[in-house]
Amino acid sequence: MNEEKNLRDLTRAEEEVMQELWQLEKGFVKDVIERLPEPKPAYNTVSTIIRILEQKGFVDHLAYGKTYEYFPIITKDEYRNFAAKKLMSGYFGNSVGQFVSFFVQEQKIDLKDADQLLQILNKMKDE
């Protein structure tokens, strides 16, 4: 989507619920709970988190009487882009070099992977 959405940070619990809703594409609170790891949170807890996600503009619902079926209105890619930009600007000064250097130093990626990543980035820059 080309329109800029006013995305906000998600808490860890909100993000966990969103991950399940993105996988489900649509579902009821009980569907989300079934997919969450043990120990399962209480129904009211998940229901409250989903209502917060709705207030934040991530989720909408269809009503079937008193039962609501929820679905994401922010795609996983939209949130991933938001989170990546925030990570890059907040922790790496918008420097891809600092970003790659961090992961190499932390041994999260090896030098071959870092070189491959830099090649991809340079190719994208040239296009």
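Please state, as a whole number in µm²/s, the translational diffusion coefficient that the Stokes-Einstein equation yields for the range 1-64 at 25 °C and 0.890 mPa s, with Rh defined as the Kirkwood radius across alpha carbon pairs.
Values: Rh = 12.4 Å.
Once the numbers are plugged in, D ends up at 197 µm²/s.
Once label points are set 7 Å from the Cα along Cα→Cβ at both Asn81 and Glu20, what is their separation, rounded to one decimal in nm?
Spacing of the two 7 Å Cα→Cβ label points: 2.8 nm.
Over 22 Å between Cα atoms: which of Lys40/Lys108; Lys56/Lys86; Lys76/Lys123; Lys85/Lys123; Lys40/Lys85 fall into that group? List each step's numbers first, then the result.
Working: Lys40/Lys108 31 Å; Lys56/Lys86 17 Å; Lys76/Lys123 25 Å; Lys85/Lys123 20 Å; Lys40/Lys85 32 Å.
Too far apart for the 22 Å limit: Lys40/Lys108; Lys76/Lys123; Lys40/Lys85.
For the range 10-115, which trypsin sites (Lys or Arg not before Pro) are both in a DSSP coil and crowded by at most 12 other Cβ atoms within 10 Å? Spell out each step's value before the answer.
Details: sites: Arg12, Lys26, Lys30, Arg35, Arg51, Lys56, Lys66, Lys76, Arg80, Lys85, Lys86, Lys108, Lys112; in loops: Lys26, Lys56, Lys66, Lys108.
Answer by residue number: Lys66, Lys108.
Give, in nm to one decimal, the length gained when the segment between Lys56 and Asn94 is fully stretched (0.36 nm per residue of separation minus the Cα-Cα distance). Present the calculation step by step, with values, prior to reporting the outcome.
Numbers: separation 38, 0.36 × 38 = 13.68 nm, distance 2.61 nm.
Additional length available on full extension: 11.1 nm.
List the GluC sites (Glu not before Pro) within the range 16-80 that DSSP assigns to loop and that have no more than 10 neighbouring Cβ atoms inside 10 Å. Intermediate results must be reported in sequence, preceding the final value.
On the way: sites: Glu16, Glu20, Glu25, Glu34, Glu54, Glu69, Glu78; in loops: Glu25.
Sites meeting the loop and neighbour criteria: Glu25.
How many angstrom separate the Cα center of the range 22-73 from the Cα center of the range 76-102?
Their Cα centres are 28 Å away from one another.
Just so you know, all these numbers are worked out from the coordinates, no wet-lab data involved. Quantities reported herein were computed from a predicted structural model and do not represent experimental measurements. As a convention, Cβ positions derive from the backbone with ideal geometry for all residues, glycine included, and neighbour counts pool all protein chains shown.
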